[in-house]
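Peer 1: Let me give you the structure first, and then I'll get to my questions.
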Amino acid sequence: MDKSILVIVEHDDGRLKISSKEILSFSSEIAVKTGMKVFAAVYGSAINHEVFEEIGKCGVGEIYYGENHLFLMPNVEILLPFLAEVITECRPQFVFTGNTPIGKDLLPPMAQIFSSEMVSDVIQINTIHDSLQFIKTIFGGKIIEMNGYKKQRVFATIRPNAIGIRNNMAVIPSIKVIKSQVNPPINYILKEVVKKNQSRKPLYEAEIIVCGGRGIKRSEDFFLLEELAGVLGASLGYTRAVIDAGFKPRSLQIGQTGKTVSPKIIITCGISGAIQFVAGISTAQHIIAINKDQRATIFKTAHYGIIGDLYQVVPALTDEFKRILNK
Amino acid sequence: MKILVLMKEIIDTECRIRLDSNHNIDEEDIKYIFNPSDEHALEEALRIKETVGGEVIIYAIARQASTPSFKYLLAKGADRVFIIPSNESNPVLMSQMIGNAVYNESGDFDLILAGVMGIDRNNGQIPGRLSIILDIPLVTMVEKIDLVKDRMICYREAETQLEMIEVRLPAVITVQRGINKLRYPTANSLIKNNESKIIYLSNQLSITHEKANIKYAYPKTRPPVKLFDGQEPDNAVRELIKALIQDKIL
């Protein structure tokens, strides 16, 4: 095993995903500090060359590329053999990917193949001497857990938007194509796919999120939040109460049993701030809460708050943003 | 059909959680609950058993003191509970313990169901690791399942698409809490003496594994919130945006 980092990259429509940019640029920065090497693993079929250039711009030049038409519909069964081959070849101590749907699926079995430790949903990485320490929150954000490692191999999924993008010196990528045998899946067969309406960014990569809770009384009132989100180019999320009431699909649930998000700004509307919800937004950079009860616990977590009725405050906010953004 | 359900007892995150003088988690006065999505995995297993027959067997790594809460699961209709007594929280070691127990006690299983993730430590590693240890396929975050002969049709919501997946059994499937509504046991089943159905297994492991050096701390306290009175919404909104601009957020 070498002192090096392998980043498993995600891309979409010929663009590197933001979470991958963060991890690549951060790894490249660590590499400079600690003398480690950084590699990227990319999979796909006839992918746009821009993806490789973007990896180079993050400061990472050595790319392992798995090319196969089966990688267009990736799943664990298809990807594990390719990634295991890359890891065996570049022998990294650390393997990173985003705490994204595919990252969360891939890494536990991957770590098990190598009988290795894994840290899930990392929000910060510290360099200590020449090794790394991984920080995450546990018990609904009430405790911070710091995982230190010396020499063993470690896999980690890193929470999108938590570590930020660094500006590194660009390098020219050199691509090594891995032509591993990929068998069509026999155990796990994707029979049918329905594409969702993708007018908004997925929650885990959104920079701004407008989030609604129990304070919204009727399903026809959600347009208030949709209008605000529209003006800000924000994604929409909801609390468990809204999801359980059947108003919105479960994929939009934010909180401990839903998604953890760390946008730059989150505006919570009519949300009291139960611990299970707060655990899902605690790493958001700026939390703005709108609630009519000034004793609501959300105001203990929020950075800014308006004590008022969301039915009046949200439209006023929409109008004001429209005005200053000239929309 | 022989269905195994992985259930984890977790610290209730509603509790006040403190660190002791050695900076470890202070377990005094702490309440334990079953991980919510694991309870939905059990519910789904019971529903499959009601349709096609078979057995529902729970596997759990738990404290010795937890027998009463497992009796509650038996009252719901589970047939047996295997407990591996341990307070281990390392996913590598936990998966190996469960893998060994399953191999020894229920080698001929058809399906393993589990919740999508433990909400105590947000690891979500055990099902994926177990799929490698037992060499069976894995389907995660499932919202609906239908059994068709020796295969399971799983409906899951990925980030950009809804997927229908056909998976060959035996398999590990993790479920989200939206998959079903939990049942309550009847009063009669609760008073039944079914302690003999709770079986304690050995927690011996033959592997050596180097764990992380773990330290705990409290999160930094947050600065106090900047509040604006929304009696006059337009005014409050303007004040808020002014503050956001001043603080260089906009």
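The values are calculated or read from the model by the stated rules, or taken from the named source; none is laboratory data. Please read these numbers as outputs of a predicted model, since none were measured by experiment. Quick reminder, even Gly has a Cβ in these numbers, built from the backbone with ideal geometry, and neighbours come from all protein chains shown. The accessibility values were calculated without ligands, DNA or RNA, using every heavy atom of the protein model including side chains. Shrake-Rupley method; radii C 1.70, N 1.55, O 1.52, S 1.80 Å.
Peer 1: Can you tell me which condition residue A:207 does not meet? The list is (1) open to solvent by 50 Å² or more (accessible area, probe 1.4 Å); (2) out of contact with any Pro (no Cβ under 9 Å at 6 or more places or on another chain); (3) farther than 26 Å from residue A:95 by Cβ, and all the others hold.
Peer 2: If we test residue A:207 against (1) open to solvent by 50 Å² or more (accessible area, probe 1.4 Å); (2) out of contact with any Pro (no Cβ under 9 Å at 6 or more places or on another chain); (3) farther than 26 Å from residue A:95 by Cβ, just (2) comes out false.
Peer 1: Are there any pairs with C-beta distances below 6 angstrom linking a residue in segment B:214-239 that is more than 7 Å from chain A (Cβ to nearest Cβ) to a residue that is surrounded by 12 or more Cβ atoms within 10 Å (Cβ to Cβ) and modelled with pLDDT of 95 or more, with the two at least 6 apart or on different chains, and if so which?
Peer 2: What qualifies is B:239/B:228.
Peer 1: What are the residues in segment B:1-16 that are open to solvent by 10 Å² or more (accessible area, probe 1.4 Å), assigned to a loop (DSSP other than H, G, I, E, B) and over 26 Å from residue B:103 (Cβ atoms), if any? So that I can check it myself, show each step before the final result.
Peer 2: So the first thing to find is which residues in segment B:1-16 are open to solvent by 10 Å² or more (accessible area, probe 1.4 Å), and the list is B:1-2, B:6, B:8-9, B:11-12, B:14-16.
Subsequent filtering for residues that are assigned to a loop (DSSP other than H, G, I, E, B) retains B:1, B:8, B:12, B:14-16.
Selection gives B:12, B:14, B:15, B:16.
Peer 1: Same structure, new question: Only one of these conditions is not met by residue A:107: (1) more than 7 Å from chain B (Cβ to nearest Cβ); (2) aliphatic (A, V, I, L, M); (3) open to solvent by 10 Å² or more (accessible area, probe 1.4 Å). Which number is it?
Peer 2: Single failed check for residue A:107: (3).
Peer 1: So, in segment B:33-63, exactly how many residues are open to solvent by 20 Å² or more (accessible area, probe 1.4 Å), closer than 24 Å to residue B:203 by Cβ and part of a loop (DSSP other than H, G, I, E, B)?
Peer 2: Residues in segment B:33-63 being open to solvent by 20 Å² or more (accessible area, probe 1.4 Å), closer than 24 Å to residue B:203 by Cβ and part of a loop (DSSP other than H, G, I, E, B): 1 in total.
Residue-by-condition table, conditions (1) within 14 Å of another protein chain (Cβ to nearest Cβ); (2) open to solvent by 40 Å² or more (accessible area, probe 1.4 Å); (3) among the hydroxyl-bearing types (Ser, Thr, Tyr):
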site: B:28; (1), (2), (3): no, yes, no
site: B:66; (1), (2), (3): no, no, yes
site: B:78; (1), (2), (3): no, no, no
site: B:81; (1), (2), (3): no, no, no
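Peer 1: Say whether the condition of being out of contact with any Leu (no Cβ under 9 Å at 6 or more places or on another chain), at the interface with chain A (Cβ under 7 Å from one of its Cβ atoms) and basic (Lys, Arg) is met by at least one residue in segment B:141-148.
Peer 2: no
Peer 1: Please determine whether any residue of segment A:134-154 is buried (at least 16 other Cβ atoms within 10 Å of the Cβ), touching a residue at least 60 places away in the same chain (Cβ under 8 Å), more than 14 Å from chain B (Cβ to nearest Cβ) and within 17 Å of residue A:104 (Cβ to Cβ).
Peer 2: No, every residue in segment A:134-154 fails to be buried (at least 16 other Cβ atoms within 10 Å of the Cβ), touching a residue at least 60 places away in the same chain (Cβ under 8 Å), more than 14 Å from chain B (Cβ to nearest Cβ) and within 17 Å of residue A:104 (Cβ to Cβ).
Peer 1: If a residue must be more than 14 Å from chain A (Cβ to nearest Cβ) and either under 18 Å from residue B:127 (Cβ atoms) or not β-branched (Val, Ile, Thr) (or both), how many such residues does segment B:168-189 contain?
Peer 2: We begin by selecting, within segment B:168-189, every residue more than 14 Å from chain A (Cβ to nearest Cβ); these are B:183-189.
From the residues that got through so far, the ones that are either under 18 Å from residue B:127 (Cβ atoms) or not β-branched (Val, Ile, Thr) (or both) too are B:183-185, B:187-189.
Within segment B:168-189, residues that are more than 14 Å from chain A (Cβ to nearest Cβ) and either under 18 Å from residue B:127 (Cβ atoms) or not β-branched (Val, Ile, Thr) (or both) number 6.
Peer 1: Could you check how many residues of segment A:244-272 are open to solvent by less than 10 Å² (accessible area, probe 1.4 Å) and either in contact with an Asp or Glu (Cβ under 6 Å, 6 or more places away or on another chain) or without any contact (Cβ under 8 Å) to a residue 40 or more places away in the chain (or both)?
Peer 2: Total meeting the criteria: 3.
Peer 1: Would you mind stating whether residue A:4 is open to solvent by less than 20 Å² (accessible area, probe 1.4 Å), among the polar types (S, T, N, Q) and out of contact with any strand residue (DSSP E or B) (no Cβ under 8 Å at 6 or more places or on another chain)?
Peer 2: Details: open to solvent by less than 20 Å² (accessible area, probe 1.4 Å): yes; among the polar types (S, T, N, Q): yes; out of contact with any strand residue (DSSP E or B) (no Cβ under 8 Å at 6 or more places or on another chain): no.
Here the answer is no, as residue A:4 does not meet what is asked.
Peer 1: Name the single residue, out of those in segment B:117-137 being within 7 Å of chain A (Cβ to nearest Cβ) and small (Gly, Ala, Ser), that is nearest to residue A:258 (Cα to Cα).
Peer 2: B:124
Peer 1: Can I ask one more? Of everything in segment A:192-213 that's away from chain B (no Cβ under 11 Å) and in contact with a helix residue (DSSP H, G or I) (Cβ under 7 Å, 6 or more places away or on another chain), which residue is nearest to residue A:12 (Cα to Cα)?
Peer 2: A:209
Peer 1: Check A:302, A:289, A:316 and return the single one that is out of contact with any strand residue (DSSP E or B) (no Cβ under 6 Å at 6 or more places or on another chain), facing chain B (nearest Cβ under 10 Å) and either surrounded by 22 or more Cβ atoms within 10 Å (Cβ to Cβ) or of a type in the set (Gly, Ala, Ser) (or both). I'd like the intermediate steps shown before the answer.
Peer 2: Values: A:302 fails: out of contact with any strand residue (DSSP E or B) (no Cβ under 6 Å at 6 or more places or on another chain); A:289 fails: out of contact with any strand residue (DSSP E or B) (no Cβ under 6 Å at 6 or more places or on another chain).
Exactly one residue qualifies, and that residue is A:316.
Peer 1: For segment B:131-202, give me every one of the strands (runs of 3 or more DSSP E) that falls completely inside it and has 2 or more residues that are open to solvent by less than 40 Å² (accessible area, probe 1.4 Å) and within 18 Å of residue B:42 (Cβ to Cβ). Break it down stepwise before answering.
Peer 2: On the way: elements: B:138-148, B:151-157, B:161-168, B:171-175, B:198-200.
Result: B:138-148, B:151-157, B:171-175.
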